[in-house]
Amino acid sequence: MIVEKVNGAPLEGELELINKYTRRPLGNDDVYTFSVVLCDNDIDRDYERFSDEALESLSRLYIGVTGITDHEPKTGNQSARIFSCAAEQVNGRLTSDGKPYKRLCARAYMPRSVKNNELILALDSGIKKEVSIGCAVKKRSCSVCGEDISICGHIKGRKYGGSLCFAVLDEPSDAYEWSFVAVPAQKQAGVIKCYEGNRKNGIDIMRREVNKTDIEKKLFAGEEQSFSGEEIRALAEKFRALERKAAEGEFYRDSLIKEVRGLSALVLPELSTDTLAHITEELSVRQLSELKKCFEQRAEELLPMKPQLAAAGGRKNSNTDYNNI
């Protein structure tokens with residue numbers, strides 16, 4: 001059973017990783033741990049994105065890196081340290097331009113102390129959540145032409161031939177800090193909920209609801225795709241639901257066809273059965289409904305409906321025996 005960790009205690013095996021950075025061995029009650037998404041491969045607010053390869057490189061560079069606030073590199077500004085980091089793909093999710101979504105997820109710790117109580121409360125309550133990273137990369141390629149974006153002439157944020165121009169960040173050379181900020185460049189970067197179990201290299205993997213819209217994008221992308229077990233189950237559920245709706249729709253359509261054919265015998269007796277069958281088979285449900293309505297109006301004109309007990313001239317027949325109706 002997967003149990004959510006709400007008290008910030010280290011997961012199984014994490015204390016050993018944490019104690020690599022401490023001067024003395026710390027226990028479970030001495031540290032507060034949390035999970036944080038540092039960055040991803042989606043296009044950010046600055047029209048930049050990390051390549052998948054860059055995320056893998058950063059996952060190694062960010063182990064042991066300290067967390068600060070507002071990118072101010074001061075000793076007194078240090079608040080937490082990363083002890084485990086890995087790049088992961090989030091199944092069933094795509095980037096804004098339709099690529100498999102990947103993110104850099106880290107586990108960090110801070111000592112439990114009077115000084116940190118306010119920060120821990122801010123993290124647990126979701127007030128302090130967003131983060132931003134400080135790193136250096138050797139390569140910044142233009143998404144339009146593939147050249148160095150600083151000299152190619154294309155401008156980030158503009159479209160060329162319908163394609164958005166952004167910088168692809170690659171070959172990171174240094175990861176020197178990550179910060180708590182108010183508005184990060186990366187929209188999804190920030191502290192996330194932590195679950196025990198289903199971990200990969202010390203990183204907790206949250207259980208997620210499959211995004212069916214993203215699955216459909218993959219299906220109609222026009223290229224070979226791979227699907228996770230969750231995505232396959234979601235597709236199977238979607239297929240069964242469509243089958244049920246199709247069966248119900250077919251039953252309704254058959255009913256409409258029978259009604260139209262019955263009314264046609266009254267309003268268009270000269271029309272042959274074969275011709276009518278051919279016509280109705282080609283019509284949609286909407287068209288059949290429209291034809292049925294027209295036939296009903298025509299039938300009403302030919303045979304106006306009268307109340308069962310109405311007498312000629314609209315007067316009631318006083319001789320009618322109501323008890324025998």
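The values are calculated or read from the model by the stated rules, or taken from the named source; none is laboratory data. Computed from a prediction, not measured in an experiment: that's the story for all the values here. As a convention, Cβ positions derive from the backbone with ideal geometry for all residues, glycine included, and neighbour counts pool all protein chains shown. The protein model used for the area step is the full one, side chains on, heavy atoms only, and it has no ligands, DNA or RNA in it. Shrake-Rupley method; radii C 1.70, N 1.55, O 1.52, S 1.80 Å.
Values as computed for the structure displayed
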{"item": "Criterion: at pLDDT below 90, assigned to a loop (DSSP other than H, G, I, E, B) and farther than 16 Å from Gln186 by Cβ - qualifying residue of Gly76, Gly98, Gly92, Gly64", "result": "Gly98"}
{"item": "Flag if Ala136 is in a strand (DSSP E or B), surrounded by fewer than 19 Cβ atoms within 10 Å (Cβ to Cβ), among the aliphatic types (A, V, I, L, M) and in contact with a strand residue (DSSP E or B) (Cβ under 8 Å, 6 or more places away or on another chain)", "result": "yes"}
{"item": "Every residue from segment 5-58 that is under 30 Å from Gly157 (Cβ atoms) and open to solvent by less than 10 Å² (accessible area, probe 1.4 Å)", "result": "Val36, Val37, Leu38, Cys39, Asp40, Asn41, Ala54, Leu55, Leu58"}
{"item": "Selection within segment 69-79 - touching a Gly at 6+ places or on another chain (Cβ under 9 Å) and either open to solvent by less than 60 Å² (accessible area, probe 1.4 Å) or among the aliphatic types (A, V, I, L, M) (or both)", "result": "Ser79"}
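To keep it simple, each residue is scored yes or no on (1) aliphatic (A, V, I, L, M); (2) open to solvent by 30 Å² or more (accessible area, probe 1.4 Å); (3) on the phi > 0 side of the Ramachandran plot.
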site: Ala87; (1), (2), (3): yes, no, no
site: Val90; (1), (2), (3): yes, no, no
site: Ser113; (1), (2), (3): no, yes, no
site: Ser125; (1), (2), (3): no, yes, no
site: Lys129; (1), (2), (3): no, yes, no
site: Ser143; (1), (2), (3): no, yes, no
site: Asp148; (1), (2), (3): no, yes, no
site: Ile155; (1), (2), (3): yes, yes, no
